[in-house]
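J.: Provided herewith is a single structure, encoded as structure tokens, for subsequent inquiry.
The values are calculated or read from the model by the stated rules, or taken from the named source; none is laboratory data. None of the values given here were measured: they were computed from a predicted structure. Here the Cβ is made from the backbone with ideal geometry for all residues, glycine too, and neighbour counts use every protein chain on show.
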Amino acid sequence: MTPWRFRSEGPRGARATAARTRHLHVAVQSLITACDARSIRLVKRVLHANATLLVDGGSGIPAPRRATRGAVSVAAALVNTISTYPDVTLTEHQVNALPGIVMRADGRIVGVISVMLRCRAISAIWVVLNPEKLTHWNAG
């Protein structure tokens, strides 16, 4: 889901990677708190002004057809997307070896969210709701 990886070159690179991972963890926790409150205002506060949201809904899952851009639009679209699952719980989980979010409803994983940071603010959000792409998350 995330098309990039942190490069680590020696001890300095490892420290930089660890710092970025910590910043990502803090951002993910803040996003979870804001989304749990279903607050567009709180979600907007953790987003970069030029944030982008891309939702992969697959067939039959309501999702924006195009990428959403701008903090206000992204916040509204993300809250609306999460709100389509009334009893969803959001928890931090490793997604592509980085902090991300898992959406659970009725004991099943219904979505996986990964994020990217820019200037310690969330600049990109990828949400996978497509049931076909979530089968390995629900196996076992």
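J.: I'd like the residue in region 52-82 that is in contact (Cβ under 8 Å) with a residue 24 or more places away in the chain, in contact with a strand residue (DSSP E or B) (Cβ under 7 Å, 6 or more places away or on another chain) and of a type in the set (Gly, Ala, Ser) and, out of all such residues, is farthest from Ile113 (Cα to Cα).
T.: Once the filter is applied, the top-ranked residue is Ala71.
J.: Of everything in region 41-52, what is surrounded by fewer than 18 Cβ atoms within 10 Å (Cβ to Cβ) and either part of a helix (DSSP H, G or I) or aromatic (Phe, Trp, Tyr) (or both)? Give them in sequence order. Steps first, answer last, please.
T.: Our first condition is that a residue be surrounded by fewer than 18 Cβ atoms within 10 Å (Cβ to Cβ); within region 41-52, this holds for 41-42, 45, 49-50.
Within region 41-52, Arg41, Leu42, Arg45 meet the criteria.
J.: Suppose the filter is of a type outside the set (S, T, N, Q), surrounded by fewer than 17 Cβ atoms within 10 Å (Cβ to Cβ), over 16 Å from Val127 (Cβ atoms) and at pLDDT below 85; does Gly13 pass it?
T.: In short, yes.
J.: Something else: Please work out if Val79 is among the β-branched types (Val, Ile, Thr), in a helix (DSSP H, G or I) and modelled with pLDDT of 95 or more.
T.: Yes, satisfied.
J.: Give the number of residues within region 53-71 that are part of a loop (DSSP other than H, G, I, E, B), among the hydrophobic types (A, V, I, L, M, F, W, C) and in contact with a Ser or Thr (Cβ under 8 Å, 6 or more places away or on another chain).
T.: Residues flagged as part of a loop (DSSP other than H, G, I, E, B), among the hydrophobic types (A, V, I, L, M, F, W, C) and in contact with a Ser or Thr (Cβ under 8 Å, 6 or more places away or on another chain) within region 53-71 amount to 2.
J.: What's the total number of residues in region 83-102 that are closer than 15 Å to Ser30 by Cα and either of a type in the set (Val, Ile, Thr) or free of Cβ contacts under 8 Å to residues at least 60 places away in the same chain (or both)? Can you show your working first?
T.: First, the residues of region 83-102 that are closer than 15 Å to Ser30 by Cα: 89-93, 99-102.
Within this subset, residues satisfying the condition of being either of a type in the set (Val, Ile, Thr) or free of Cβ contacts under 8 Å to residues at least 60 places away in the same chain (or both) are 89-91, 93, 101-102.
Count: 6.
J.: Turning to a different aspect of this structure: Out of the residues in region 83-109 that are of a type in the set (Val, Ile, Thr) and at pLDDT 95 or above, state the one that is surrounded by the most Cβ atoms within 10 Å (Cβ to Cβ).
T.: So the residue we want is Ile101.
The rows are residues; the columns are (1) closer than 23 Å to Leu24 by Cα; (2) not β-branched (Val, Ile, Thr).
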residue	(1), (2)
Val43	yes, no
Leu47	yes, yes
Gly60	no, yes
Val74	yes, no
Arg104	yes, yes
Ala121	yes, yes
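J.: Would you confirm, using the coordinates I've provided, whether Gln29 is assigned to a helix (DSSP H, G or I) and surrounded by fewer than 20 Cβ atoms within 10 Å (Cβ to Cβ)?
T.: On the way: assigned to a helix (DSSP H, G or I): yes; surrounded by fewer than 20 Cβ atoms within 10 Å (Cβ to Cβ): yes.
It is true that Gln29 is assigned to a helix (DSSP H, G or I) and surrounded by fewer than 20 Cβ atoms within 10 Å (Cβ to Cβ).
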